[in-house]
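Structure record follows, encoded as structure tokens.
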Amino acid sequence: MSEFREPVRYPEVVLVTGAAGGMGAAHARALAHRGSHVCLADTADAGPVAEEIAAAGGTASVHALDVTDSAQWRRLVAQVRAERGRLDGLVNNAGISRRLGFLETSEEVWDQVLRVNLDGAFHGMQAAAPLMREGGGGSVVNISSISGQIGYFSPSYSASKWGLTGLSKSAAGELAAWNIRVNSVHPGLVATGLLDGADAFVDAAVRSIPAGRTARPEEVTDIVLHLLSDRSSYVTGAEITVDGGLVSNGLYHRILADAEEVAR
Ligand SMILES: NC(=O)c1ccc[n+]([C@@H]2O[C@H](COP(=O)([O-])OP(=O)(O)OC[C@H]3O[C@@H](n4cnc5c(N)ncnc54)[C@H](O)[C@@H]3O)[C@@H](O)[C@H]2O)c1
């Protein structure tokens, strides 16, 4: 068991998409704090996150990337190869949400959500895997959602996240030969900009969360760090749910609370 007393090892170079804000920025800060060089990729300006990382003694580079564009992905990975010589970790975190029902979802919205949330991760893994292979392997973490595990009222978001769950498992099987692990993380409700304007929805949802609150971004970061580290070397093709018990126990949690209210 002595190997478990060794310090945890994190990727030397890791690329995080959607790193300009929300959970992506939290993942990036935590990785830099542990010594990784973090490539911050986003359509938005990740400069302020890079400055924060540098001020804290870490290293990060800023990259303009629209994850839906495979050519941009190829150029970015070529740049990482030229500047860093390796890539050991990839966090496909960029995502968008359109909380629209079935009949309200236009073709344009459907295409846009699928392209960012699902195609983005596909292009990312396809571009990054060869460089990871050259360095001896790596770890990919795809940020799905509990809406990629259960029925969810927004068809575009749910389909994109279910797709990402399946894509992760498919990639895990094939990329194992290159010593690349691929896992998906499934957050429940996390307090970030993605939930802006959804206060009534969030308040109602919390009533079904056994933990009684939304998650802090750092609580998802801890799982991402574990999956990127050498402490999860035998974990691939797995789904890790980070939801305060919503999926496993939300139904009866709500039923018991409602029954108590009725009995009063
Ligand atoms: N917040 C939640 O409750 C929650 C729950 C489950 C899953 N998630 C997932 O977690 C991930 C991060 O969510 P968040 O809450 O931090 O969101 P956020 O909106 O705070 O941040 C998303 C980031 O992705 C970037 N982005 C959007 N489109 C992009 C594109 N085409 N190319 C590159 N970057 C792009 C945005 O600029 C932004 O910086 C998403 O995949 C989201 O679906 C969030």
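All of the numbers you see were taken from the coordinates with simple rules; none came from a lab. Model, not experiment: these values are computed from the prediction. Heads up, the Cβs are rebuilt from the backbone with ideal geometry, glycines too, and the neighbour counts pull from every protein chain shown.
Taking the fewest neighbouring Cβ atoms within 10 Å as the starting point, the ordered list for ILE146, ILE53, ILE255, ILE96 is ILE255, ILE96, ILE146, ILE53. Sequentially through the range 224-237, phi angles give Karplus couplings (6.51, -1.76, 1.60; θ = phi - 60°) of 4, 4, 4, 5, 7, 8, 6, 6, 10, 4, 10, 9, 8, x Hz, Gly and Pro residues having no value and appearing as x. With neighbours defined as other Cβ atoms within 10 Å of a residue's Cβ, the residues MET132, MET125, MET23 order from fewest to most as MET125, MET132, MET23.
Sequence-ordered 3J(HN,Hα) estimates for the range 113-121 from the Karplus curve with 6.51, -1.76 and 1.60 and θ = phi - 60° stand at 5, 5, 5, 6, 6, 10, 4, x, 5 Hz, glycine and proline given as x. Around the amide H of VAL13, modelled in the peptide plane, lie the amide H atoms of HIS37, ASP88, GLY89, all under 5 Å away and 5 or more residues distant in sequence or on another chain. Looking at the range 136-239, the trypsin sites (Lys or Arg not before Pro) that sit in a DSSP loop and have at most 15 other Cβ atoms within 10 Å of their own Cβ are ARG207, ARG213.
Want the number for GLU219 to VAL8: 0.36 nm per residue separation, take away the alpha-carbon distance, what's left? Provide the component values of the computation, followed by the final result.
Details: separation 211, 0.36 × 211 = 75.96 nm, distance 1.81 nm.
That pair, GLU219 and VAL8, stretches by 74.1 nm at full extension.
Amide H contacts for ILE240 (H built 1.01 Å from N in the peptide plane; partners 5 or more residues away or on another chain; cut-off under 5 Å): SER184, VAL185, HIS186. Note that the range 138-146 has calculated 3J(HN,Hα) couplings of x, 9, 10, 10, 9, 8, 8, 5, 5 Hz, one per residue in order, obtained from phi through the Karplus relation 6.51 cos²θ - 1.76 cosθ + 1.60 (θ = phi - 60°); glycine and proline are x. Expressed as a fraction of 2.2 N^0.38 Å, the C-alpha radius of gyration for the range 193-241 is 1.51. Since only THR105, ALA238, ALA25 are under comparison, the one whose Cα sits farthest along the positive direction of the charge dipole of the chain, derived from C-beta charges on Lys, Arg, Asp and Glu, is ALA238.
Compare SER144, SER208, SER106 in a GNM of the chain, Cα atoms joined below 10 Å, and give the one with the largest fluctuation. It is SER106. The value given for the range 102-169 is a Kirkwood hydrodynamic radius of 12.9 Å, derived from the mean inverse Cα-Cα separation.
Working note: Debye formula, equal point scatterers on the alpha-carbon atoms of the range 38-175, no solvent; log10 I(q)/I(0) at q = 0.13, 0.15, 0.22 Å⁻¹ is -0.61, -0.78, -1.31. Note: the chain, Cα convex hull, 148 Å³ per residue. Each principal axis of the Cα atoms in the range 162-210 has its own extent, and those three values, largest first, are 46, 23, 16 angstrom.
Dividing the alpha-carbon Rg of the range 1-74 by 2.2 N^0.38 Å yields what? Intermediate values should be presented prior to the final figure.
Working: Rg = 13.7 Å, N = 74, 2.2 N^0.38 = 11.3 Å.
The value comes to 1.21.
What FRET efficiency comes out for the pair GLU134/ILE96, r = Cβ-Cβ distance, R0 = 41 Å, nearest 0.05? Don't jump to the answer; show the numbers that get you there.
Values: r = 32 Å, r/R0 = 0.78.
Efficiency, rounded to the nearest 0.05: 0.80.
Close amide H partners of VAL190, meaning residues 5 or more places away or on another chain with modelled amide H under 5 Å apart, are ALA215.
Applying 0.36 nm per residue to the separation of THR59 and GLU261 and subtracting their alpha-carbon distance, the gain on full extension is 67.4 nm. Evaluated with a Cβ-only charge set (Lys, Arg +1; Asp, Glu -1), the chain carries a dipole of roughly 580 debye about its Cα centre, given to the nearest 20. At the listed q of 0.18, 0.22 Å⁻¹, the Debye profile of the range 73-137, built from one uniform point per Cα, gives log10 I(q)/I(0) equal to -0.69, -0.86.
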